[in-house]
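Working notes for the structure below.
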């Protein structure tokens, strides 16, 4: 087999390897983009309510992993994504009896999500004091997920003094 490969013109081998590398790169990039999307995440039936609340939010143009994965480096993102993915595979196959009715982020996820909120909304943080709470979700826990977060009061302006009275949130 090796002798047959050696007899092939080197230009053809280089072209074939280059073509295979390009195809592999494109497939990997497309797979990564798809597994970052809300369309992929909603494939698990237990994610249906989470997905439905997300698509009705102001963050609907983002991918799930814009918020739920770290972005400091590709390596950190892939490791975090791999750990979370393996957990999801376990719960959706072997541990389906242990799936909770309501999802809550793990401590690691909370740190990542909070960091991503701060990263995207940095300008807001410069203009508005946010020192009343420890994390973004302590006040904004229903954004972008939460059943009924867009109730009849959603588009009404806040009542003067409400935020101060509640120390910035709930």
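Here are a few things to note about the model shown:
- Residues satisfying the stated conditions in segment 63-73, i.e. exposed (fewer than 10 other Cβ atoms within 10 Å of the Cβ) and either part of a helix (DSSP H, G or I) or at positive phi (or both): none
- Considering only residues in segment 35-62 that are outside any helix (DSSP H, G or I) and farther than 20 Å from residue 92 by Cβ, the one that is modelled with the lowest pLDDT turns out to be 56.
- Considering segment 40-59, and only residues there that are without any contact (Cβ under 8 Å) to a residue 12 or more places away in the chain and either farther than 23 Å from residue 80 by Cβ or out of contact with any helix residue (DSSP H, G or I) (no Cβ under 7 Å at 6 or more places or on another chain) (or both), the residue that is surrounded by the fewest Cβ atoms within 10 Å (Cβ to Cβ) turns out to be 45.
- Scanning segment 18-39 for residues that are in contact with a helix residue (DSSP H, G or I) (Cβ under 6 Å, 6 or more places away or on another chain) and touching a residue at least 12 places away in the same chain (Cβ under 8 Å) returns 36, 38.
- Count of residues meeting criterion [within 19 Å of residue 145 (Cα to Cα), in a helix (DSSP H, G or I) and modelled with pLDDT under 90] in segment 89-117: 4
The values are calculated or read from the model by the stated rules, or taken from the named source; none is laboratory data. The model shown is predicted, which means the values in this text are computed figures rather than measured ones. Don't worry about glycine lacking a Cβ; one is built from the backbone with ideal geometry, like all the others, and counts go over all protein chains shown.
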